[in-house]
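None of the figures in this text is laboratory data; all of them are computed from the coordinates on show. Keep in mind that this is a model prediction, so the values were computed, not measured. Cβ placement follows ideal geometry from the backbone for every residue including glycine, while neighbour counts extend to all protein chains displayed.
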Amino acid sequence: MGDATTGSATQLQHGEHVDTIESVDAVFRAQRKLSFTYGAIFFAVTLAIPAASVWWESWYAVPIWGGFTANYLFVSLLYFVFLWIMAWTYAKQADKLDERLQHLADDITAKDKATREGAQS
């Protein structure tokens, strides 16, 4: 693993892969935003279940299908579907962020290579 300082950016190189503090920081900021967004959605939906039971009697006391209430159907089936879909979309978004970091690293490597070749000429 190499460490080099060029211009305003510190670079870490792992074989052909190069990271800068700026590129990693940009991806971490995006990851933090993604995590807090999904966490807030999870918290809001999870909190809405008991809140609905407090505010709407029809949510927990009125049978809508086969004696099941809306609350029971949501908690026993739809909530788990919601969690799986949320986890799947979160994973896809996180993978996109990983690809973004890879593309940033590739751009840095190409720029650094061009700079070195230009300096040798």
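A few points about this structure:
- Under-5 Å amide H pairs with residue 69, H placed in peptide plane, nonlocal only: 64
- Table column - 3J(HN,Hα) (Hz), segment 53-67, Karplus curve with 6.51, -1.76, 1.60, x for Gly and Pro: 5, 6, 8, 10, 4, 5, 5, 10, 10, 9, x, 10, 7, x, x
- With an a/c value of 1.5 or above and a/b larger than b/c for the gyration tensor axes a ≥ b ≥ c computed over the alpha-carbon atoms, segment 21-86 is described as prolate.
- Straight-distance crosslink candidates among lysines, where the alpha carbon sits under 28 Å from residue 92 and sequence neighbours closer than 8 are dropped: 33
- Shown in residue order for segment 86-98 are the 3J(HN,Hα) couplings computed by the Karplus curve 6.51 cos²θ - 1.76 cosθ + 1.60 at θ = phi - 60°: 5, 5, 5, 5, 4, 4, 5, 5, 5, 5, 4, 5, 4 Hz (x for Gly and Pro).
- Its relative contact order, with pairs defined as Cα atoms under 8 Å and 6+ residues apart, puts segment 44-113 at 15 percent.
- At 1.002 mPa s and 20 °C, Stokes D of segment 36-121 from Kirkwood alpha-carbon radius, µm² per second: 127 µm²/s
- Rounded to the nearest Hz, the phi-derived 3J(HN,Hα) couplings of segment 44-50 under the Karplus curve 6.51 cos²θ - 1.76 cosθ + 1.60 (θ = phi - 60°) are 5, 5, 5, 6, 5, 5, x, where x marks glycine and proline.
- Segment 40-120: chymotrypsin sites (Phe, Trp or Tyr not before Pro) falling in loop per DSSP and having at most 16 other Cβ within 10 Å: 56
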